[in-house]
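Taking it in order: structure first as structure tokens, then the write-up.
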Amino acid sequence: MSANPNRVLWTLIVTCAMVALTLAFMSDALAVGPRKVVDTFTAATANMTPGGVNLRVQILEWQDAAARSEAVASIAAGAGASTPLAKLPTVGYVWQSGSPVGYSVKYTHREPAPEGGERITLVTDRRLGSYDFKGWSVAPPAVPNDLPYSVIELNVSGSGTGTGRLSLVGNVQLDEKGGTVMLDSSAPTLLTSLKREPPMP
């Protein structure tokens, strides 16, 4: 049986993109030197397709208000931004199990949660699942969005465990003045088994 030409073409495109992104990551690392990971979280996708995908989130820097405001302004401006989101400094990575390429994090924010623990919000410059042949999705009646980036919200308890949400569905709320990004209440829980990893020595 002959191979599906569309799948072969997509595989070739994704492979070339991964090579290019890997070279870009290596170039960044060589340019600025190794950066210490200040926080690491692991979680697994749930209530979506694909389910059971393990993710590792590495935070290189918790941004100050000025850096967050710049990122929010770039998100709000979209293609018309003077500095596109992808060109902003990388302050973390999201790694998908089985993939050699990560998603660059351009926005990091953490704040105390009313019930204790922390609420952490991250924004990647590419949509999660964009490296996969079939994009990530949530079954109806959830209404998907077509954002070119992804918002990740982690709700971490005082013991370092919790759940998370993704902007595959739900509305993203931007506050340019306050420099914040939020997911509204319509965004479901799509990350489970969330755990803060011990700091590296």
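Values in this text are rule-based calculations from the coordinates and carry no lab data. It should be emphasised that the depicted structure is a prediction, and the values quoted were computed from it without experimental measurement. Backbone-built Cβ (ideal geometry, glycine too); neighbour counts: all protein chains shown.
Would you mind checking which residues have amide H under 5 Å from Leu147's amide H? H placed 1.01 Å from N; only 5 or more apart, or other chain.
Close amide H contacts, sequence-distant or interchain: none at all.
Apply the Karplus parameterisation 6.51 cos²θ - 1.76 cosθ + 1.60, with θ equal to phi minus 60°, to every residue of the stretch 100-116 and state each ³J(HN,Hα) to the nearest whole Hz, in sequence, with x for glycine and proline.
Per-residue couplings from phi come out as x, 10, x, 9, 7, 8, 10, 9, 9, 8, 9, 8, x, 8, x, 8, x Hz.
If packing is taken as the average number of other Cβ atoms within 10 Å across a peptide's residues, how do 136-146, 63-73 rank, most packed first?
In descending order of packing, they fall as 63-73, 136-146.
So who's got an amide H within less than 5 Å of the one on Thr180, skipping anything under 5 residues away but keeping other chains? H placed 1.01 Å off N, in plane.
Here the answer is Asp175, since their amide H atoms fall under 5 Å of that of Thr180.
Amide H of Ala187: which non-local residues (sequence gap of 5 or more, or other chain) have their own amide H closer than 5 Å, using H built in the peptide plane?
Counting only residues 5 or more places away or on other chains, the set is Asn171.
Please state the shape class of the stretch 35-196: rounded when a/c is under 1.5, otherwise prolate if a/b exceeds b/c and oblate if not, all from the C-alpha gyration tensor.
The shape class here is rounded.
Step through the residues of the stretch 144-156 one at a time and calculate ³J(HN,Hα) from phi using the Karplus curve (6.51 cos²θ - 1.76 cosθ + 1.60, θ = phi - 60°), rounding each to whole Hz and writing x for Gly and Pro.
x, 10, 10, 4, x, 10, 10, 9, 10, 10, 10, 9, 10
List residues of the stretch 31-73, by number, whose backbone nitrogen lies under 18 Å from a label position 7 Å along Cα→C-beta of Ser157.
41-44
Among the lysines, which fall within straight-line cross-link reach of Lys87, defined as a Cα-Cα distance under 28 Å, with same-chain neighbours fewer than 8 residues apart omitted?
Output for Lys87: Lys36, Lys106, Lys134, Lys177.
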